[in-house]
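Read through the structure below, which is laid out as structure tokens, and then see the notes.
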Amino acid sequence: MARRSATNPRYQKHAKVGSTRRSASSLKPKRPVGDAKPKAKGRRREPLPMTPEIRRWRRIALIAMGIGVAFALGIFIPGVKENRTIAMLLLAAEITAFGVALYIDWVIVRPLRLDAQRQAGKAKDRPEKSS
């Protein structure tokens, strides 16, 4: 390790041996062994229930997002960059496509998913009948 400054007292000849600074970590108080709180293990999340209706609406939302990405990439086509009107129309179409995807996800898919989760929870809570 290189010296930082020759004028620093710890590097001079008359410095006492052992007068060098200790690291900051060695000065911090150590915790007693066994004081650490056990980390709570995260609950394993159960997979989201997928009904055919949820799958259909998610596919439509993904298609809408793909269309939005295509419109976003279309803005960067060299001929379109110069034509401001077409660029603005593509931007509006992109925003609309992403808006449709968000609407489908929040307004249509979310209630369906919550209902499916409730149904799965009810089915799990009920004891099975043995005949």
Please name all residue pairs, on different chains or six or more residues apart, with Cβ atoms under 8 Å, provided the first residue is in segment 66-85 and is at pLDDT below 90 and the second residue is outside any helix (DSSP H, G or I). 81/75
Being modelled with pLDDT under 90, in a helix (DSSP H, G or I) and open to solvent by 100 Å² or more (accessible area, probe 1.4 Å) is the requirement here; does residue 37 meet it? no
Condition met for residue 112 (assigned to a helix (DSSP H, G or I), at pLDDT below 95 and either closer than 23 Å to residue 62 by Cβ or open to solvent by less than 70 Å² (accessible area, probe 1.4 Å) (or both)): yes
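The values are calculated or read from the model by the stated rules, or taken from the named source; none is laboratory data. None of the values given here were measured: they were computed from a predicted structure. A quick note on method: Cβ atoms are made from the backbone with ideal geometry, for glycine too, and the neighbour counts reach across all protein chains shown. Heads up: the accessible areas ignore ligands, DNA and RNA and are worked out on the full protein's heavy atoms, side chains in. Shrake-Rupley method; radii C 1.70, N 1.55, O 1.52, S 1.80 Å.
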